[in-house]
Amino acid sequence: MVSALQAKESGIHVEIVTNIITTINDTEDELRTIATFISEKLGNKTPWHITRFFPYLELSYLPPTPIQSLIRAKEIGKECGIDFIYIGNAREKLEENTVCPRCDSVAIKRNGIEVYKVDVTEKGDC
């Protein structure tokens, strides 16, 4: 099995998905460790998808991830220098858009899997 770091070093596009689960990986220290690894080892332009957990099967005794935990994870990711962070699996439709890390303008506007606006040049500029 190839790790994310090996894939990145081989020139493969990498995106990281973290399912935030209350009492398992939602502490500030754990989130900061994940975000620091992404930023320092994979690069600050590596997209980080933070997803909301819902109880199921062996973990059905745990509560759904609070929205505030997802928002805090995004804040931590930004503090660690990650440019592209997305919150997913939340009905609240939080943070689906791609925002330019330089000017904060919306470069790609999304709603679920639908794309409504793309303001990106071939060079990747907004």
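Per-residue answers, yes or no, for (1) surrounded by 15 or more Cβ atoms within 10 Å (Cβ to Cβ); (2) out of contact with any Pro (no Cβ under 7 Å at 6 or more places or on another chain); (3) modelled with pLDDT of 95 or more:
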{"position": "Met1", "(1), (2), (3)": "no, yes, no"}
{"position": "Leu5", "(1), (2), (3)": "no, yes, no"}
{"position": "Asn19", "(1), (2), (3)": "yes, yes, yes"}
{"position": "Arg32", "(1), (2), (3)": "yes, yes, yes"}
{"position": "Lys41", "(1), (2), (3)": "no, yes, yes"}
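A residue that is out of contact with any strand residue (DSSP E or B) (no Cβ under 7 Å at 6 or more places or on another chain), buried (at least 16 other Cβ atoms within 10 Å of the Cβ) and in contact (Cβ under 8 Å) with a residue 24 or more places away in the chain cannot be found anywhere in segment 58-68.
Counting only residues that are over 30 Å from Pro63 (Cβ atoms) and either surrounded by 13 or more Cβ atoms within 10 Å (Cβ to Cβ) or touching a residue at least 60 places away in the same chain (Cβ under 8 Å) (or both), segment 7-17 holds 4 of them.
Each residue in segment 37-68 was checked for being more than 13 Å from the chain's Cα centre (by Cα) and polar (S, T, N, Q), and 3 of them qualify.
Among the residues that make up segment 78-85, is at least one of them crowded, with 19+ Cβ neighbours inside 10 Å, under 21 Å from Ala4 (Cα atoms), out of contact with any Gly (no Cβ under 7 Å at 6 or more places or on another chain) and not assigned by the TED database to the domain that holds Arg102? The answer is yes, given that some residue of segment 78-85 is crowded, with 19+ Cβ neighbours inside 10 Å, under 21 Å from Ala4 (Cα atoms), out of contact with any Gly (no Cβ under 7 Å at 6 or more places or on another chain) and not assigned by the TED database to the domain that holds Arg102. When the residues of segment 76-126 are filtered to those that are among the charged types (D, E, K, R) and within 23 Å of Asp26 (Cα to Cα), the one that is modelled with the lowest pLDDT is Lys93.
The values are calculated or read from the model by the stated rules, or taken from the named source; none is laboratory data. It should be emphasised that the depicted structure is a prediction, and the values quoted were computed from it without experimental measurement. Cβ coordinates were reconstructed from backbone atoms using ideal geometry, including for glycine residues, and neighbour counts include every protein chain displayed.
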